[in-house]
Each structure stands twice: as C-alpha cells, then as structure tokens.
Amino acid sequence: MKNTRKNSQKKEAPINSNPEPVLSKEQKEAKEQEKSLLIARIAYETCDDKKAWQPIVLDVSECTSLCTYMVIVSQAVRAQVRGLAKSIERALEDEEIEADGREGLKAGEWILLDYGDVLINVLHQPERDFYRLEEIWRKAPKVEF
C-alpha cells in the first residue's frame, strides 16, 4: 500500500517586505481624489471614443456632499444608451474599478452608474433635455480633459 498521507508541515506565509505605508488623513484624501478623477477621466474618454453626445464632467464637490464628480452624457437611441453604459463599465473594470451600483440599465432611458465619489449619468437624449442636469448643477465647474 502506498502512503497517501500529506506532509503535515505547514508552509509559512511569506513576509511582506513591502508593507503599505501608513498614510495621513490628507494623503488618504488626495489618493481618493486621484482615483475619483481617474474614474471621471476614463468615463469621459470612453464617451468621447464612442462618439457620445456632449459628455461633460462637473466638479460638484462644492455643491453637494453626494459625490465629487458628476459625468453627464447622452445618446439618441436607448440601445446606444445601454451600450455606452456597458462600455464605461468595461473600461473601468479593465482598471479593476467596480461600480458600487447601477440603476436603469433595463429601461435605457437614464442609467446611473455609482462609483462612490463619481456618479455617471447616461441618458437618452429626450430625458437629458427634460431633466436638464447641467442647469441643476450650473454652479459646478466643468472639468476639462
């Protein structure tokens, strides 16, 4: 009979020779701000690549505590709205950034992608014309990429 007992010695976990540095509150905030700006930039560039209708990024941090950046974009056809939202999600997933939530994907009229400090609004053009989000957030400065 062959001995099928496994080696009972435990392997030690490797010692992390490069531990994460302890960050100050200001450093943590700066890192979060950098990540939020990256999310907004990727969303904007994806919209631009897909020839979406008038993508804009607003810095709403002085207007609300809801989020730091708001992306607003639209498409003429509901299927394009859904496709654009999925493209944005894929582009962010490629950077290992996952949405905290999403709403409206099935209807395709107004899709909200929630990335914490970044809210991405992908709207069917009639809904964008009706709700006029840019006017609601008119005091927020535009972010140029």
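Values as computed for the structure displayed
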{"item": "Any pair with Cβ under 7 angstrom, 6 or more apart, that starts in segment 125-143 at a residue that is closer than 23 Å to Leu37 by Cβ and ends at one that is part of a helix (DSSP H, G or I)", "result": "Val143/Ala40"}
{"item": "Subset of segment 49-66 [buried (at least 19 other Cβ atoms within 10 Å of the Cβ) and among the hydrophobic types (A, V, I, L, M, F, W, C)]", "result": "Ala52, Val57, Leu58, Val60"}
{"item": "Test: Thr64 is farther than 22 Å from Glu135 by Cα and either in contact with a helix residue (DSSP H, G or I) (Cβ under 8 Å, 6 or more places away or on another chain) or part of a loop (DSSP other than H, G, I, E, B) (or both)", "result": "no"}
{"item": "Candidates Glu109, Glu95 - the one that is within 23 Å of Glu135 (Cβ to Cβ), without any contact (Cβ under 8 Å) to a residue 60 or more places away in the chain and in contact with a helix residue (DSSP H, G or I) (Cβ under 7 Å, 6 or more places away or on another chain)", "result": "Glu109"}
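Conditions tested, residue by residue: (1) among the acidic types (Asp, Glu); (2) surrounded by fewer than 16 Cβ atoms within 10 Å (Cβ to Cβ); (3) assigned to a helix (DSSP H, G or I); (4) in contact with a strand residue (DSSP E or B) (Cβ under 7 Å, 6 or more places away or on another chain).
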{"residue": "Ala79", "(1), (2), (3), (4)": "no, yes, yes, no"}
{"residue": "Leu84", "(1), (2), (3), (4)": "no, no, yes, yes"}
{"residue": "Ser87", "(1), (2), (3), (4)": "no, no, yes, no"}
{"residue": "Leu92", "(1), (2), (3), (4)": "no, no, yes, no"}
{"residue": "Arg128", "(1), (2), (3), (4)": "no, no, yes, yes"}
{"residue": "Arg138", "(1), (2), (3), (4)": "no, yes, no, no"}
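No value in this document is a laboratory result; all are computed from the given coordinates. Treat the numbers as computed from the prediction; the structure is a model and nothing was measured. Quick reminder, even Gly has a Cβ in these numbers, built from the backbone with ideal geometry, and neighbours come from all protein chains shown.
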